[in-house]
Amino acid sequence: MSRVRLVFWLVLATQAAVPQIAAAQGDSAGEYELKAAILYNLTRFVEWPASAYPNAQAPTILCILGRDPFGESLASMVSKQTPNGRLVQIRHVRNDKEVGGCHVLYISSSERKQVVQILSTAAGSNILTVGEIAQFAARGGMVQFGLEDKEVRFDVNLDAALRAGLKISSRLLVLARVVKQQNGDSGGSELSNSSPEQMMVMLQTGVNHPEFKVT
């Protein structure tokens, strides 16, 4: 995924100013401004089942477990935009026992020693798990951020998302690397070694995941 394509996606989704996004290339603060934008925009490209909300007006709850690296960057986005007709609320949680009610769960790198337990707790719910910990997606996390050659990239464990009842837009998947889960827990995914063009064909024709809905 090239940085140009990532910037295009973010601008398309948020109508954000290009200079603000483009600034996020080298410094840590800029890096997390970009990652905050990606994290927030995941709410636009993921569909939760109706049963994940108490009513049609209920907000999407974006939880952060552990140290918050985003600062005011994420809060400023949430205060201005309402993706998919729902407000987004940020909630800070202290441990895996508090993740009930979360729709997105960002697991901070400060929680790397507990990540397996946290993912296990979240696995039975409609929670999109996001993190930067090494092998996060391969361990069962759904979206993993990474920094390669000063560019933010991300991997998606599509099987884990499907098991949680989440539908991820093909517009997001073509910008990500879809990975297999370790130890064969997910049964693997042929999408992981496919080009974006092949991935789109698989998604549109329902190969591997007939229940997947292209949005």
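The values are calculated or read from the model by the stated rules, or taken from the named source; none is laboratory data. Quick caveat, the model's predicted, so the values are computed rather than measured. Glycine gets a Cβ as well: all are built from the backbone with ideal geometry, and neighbour counts include every protein chain shown.
Here are some notes:
- Just one of the listed residues (Ala137, Ala161) is assigned to a loop (DSSP other than H, G, I, E, B) and either under 16 Å from Ile64 (Cα atoms) or under 11 Å from the mean Cα position of the chain (by Cα) (or both), and it is Ala137.
- Looking only at the range 172-200, and only at residues there that are under 13 Å from the mean Cα position of the chain (by Cα) and assigned to a helix (DSSP H, G or I), the one that is modelled with the lowest pLDDT: Leu172
- Test: residue in the range 15-33 that is at pLDDT 70 or above and either outside any helix (DSSP H, G or I) or buried (at least 20 other Cβ atoms within 10 Å of the Cβ) (or both): yes
- Note on the range 140-158: among residues that are out of contact with any strand residue (DSSP E or B) (no Cβ under 7 Å at 6 or more places or on another chain) and outside any strand (DSSP E or B), the one that is farthest from His103 (Cα to Cα) is Asp149.
- Residue identified as part of a helix (DSSP H, G or I) and at pLDDT 90 or above among Val4, Val11, Val115: Val115
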